[in-house]
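Just so it is clear, none of the values below were taken in a lab; they were calculated from the coordinates. Just so you know, these numbers come straight off a predicted model, no measurement behind them. Note that each Cβ is placed from the backbone with ideal geometry, even for glycine, and that neighbours are counted across all protein chains shown.
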Amino acid sequence: MRYSIIINPVSGTMTVDQKRAALANAAEILDAEIHGLDAITADAFGQCARELATRCDVLVTAGGDGTFSDIINSIDTAQTPIAYLPLGTGNAMRHALKYKGSLTDIAMRIRDGKIHEYDLVNCNEKRRAFMVSVGIEGAIIRLRNQYLAQGATGFKTYFRAVFNSYFKKYTRTIAKITVDDAMFEVKNLLSIMVVKQPYYGFGMNVVPKARFDDRQLHILCITSGLFKAIIGAVSAFTIGNQIGQYRTGQQVTVRLERPLVLQIDGNEGWDAEAFTFAVLPNALKIKC
């Protein structure tokens, strides 16, 4: 197979030269050239991906969850298979694909692996995703981005954003949620997650029953106070999250008392009072 590697020049904390060096062995294993390092805008990065997709059999994305998300929204992933080399910060996709070892190990797994068909989430007919949420996560991402712009890095930056969002920035609200034909009201909303795989960043197993290939959306509503939220976070890092109301369905509508920020694959989305999500069966071909 012909492979091309596309790398986001701004993902993670490494410099461009460090990224090129980190990917050298993987590129040799896949007999692939590295592209994208000269893309200075999101549009240029997307255009690079679309051009590469016409010239290779598998487009290998090197970056974090946000980079992977940008790629699945730039090309026809039902037509062009993709693969993933984790170079970001949180790297939920690394855990979702059960990757072990170094980038060299992962490149060998990609080379020797099979192509799998996975589902995605359709968000308001505007964007495709593998994990979205409405609630505190959007406030956390927005605050984290402010800290990153000030030069902060690493997990401590994320934890600081979590702490300040919970105690200062995020105000809970009421949500009316419809899963398929069943509607229910959630008061004191902390988060509603709609996902296709179990993990958030840093290996947090937040929705343990979620699956990439079961043609269902996995929905988790959390209204817990601080004590239970801490228990949920601790369990997510160990045995898997044990709090919240869990449901499955093929379509989800969320209506809010006030606008909230949508979190999409670890990135800040848009503000709205209503969101709709639907499962996109077999929308992603990935070699792993």
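Things worth noting here:
- Between PHE159 and ASN188, the FRET efficiency estimated from the beta carbon spacing at R0 = 25 angstrom works out to 0.60.
- Nearest-0.05 FRET efficiency for ASP214 and ARG172, computed from C-beta distance (R0 41 Å): 0.85
- Length-normalised contact order for the range 3-113 - Cα pairs under 8 Å, 6+ apart - percent: 33 percent
- Spatially proximal lysines relative to LYS114 (Cα-Cα < 17 Å; intrachain offsets below 8 disregarded): LYS98, LYS100, LYS285, LYS287
- Dipole magnitude for the range 1-136: about 300 debye, using +1 per Lys or Arg Cβ and -1 per Asp or Glu Cβ, origin at the Cα centre.
- A rounded overall shape is assigned to the range 1-133, the ratio a/c of its alpha-carbon gyration tensor axes (a ≥ b ≥ c) being less than 1.5.
- Hits among lysines - C-alpha to C-alpha of LYS187 under 25 Å, sequence gap 8 or more where chains match: LYS168, LYS169, LYS176, LYS196, LYS209, LYS228
- TYR147 paired with ALA274, simple spin-label distance in nm, labels 7 Å along Cα-to-beta-carbon: 3.5 nm
- Size estimate for the chain follows the Kirkwood approach: the inverse of mean 1/r over distinct Cα pairs works out to 19.3 Å.
- Rounded, prolate or oblate (a/c below 1.5 giving rounded, otherwise prolate when a/b exceeds b/c) for the range 127-282 by Cα gyration tensor: rounded
- Euclidean distance between Cα centres, the range 133-154 to the range 27-65, Å: 26 Å
- Of the chymotrypsin sites (Phe, Trp or Tyr not before Pro) in the range 217-285, those whose Cβ has at most 15 other Cβ within 10 Å and which sit in DSSP loop: PHE237
- From most to least packed by mean Cβ count within 10 Å, the peptides 135-142, 186-193 give 135-142, 186-193.
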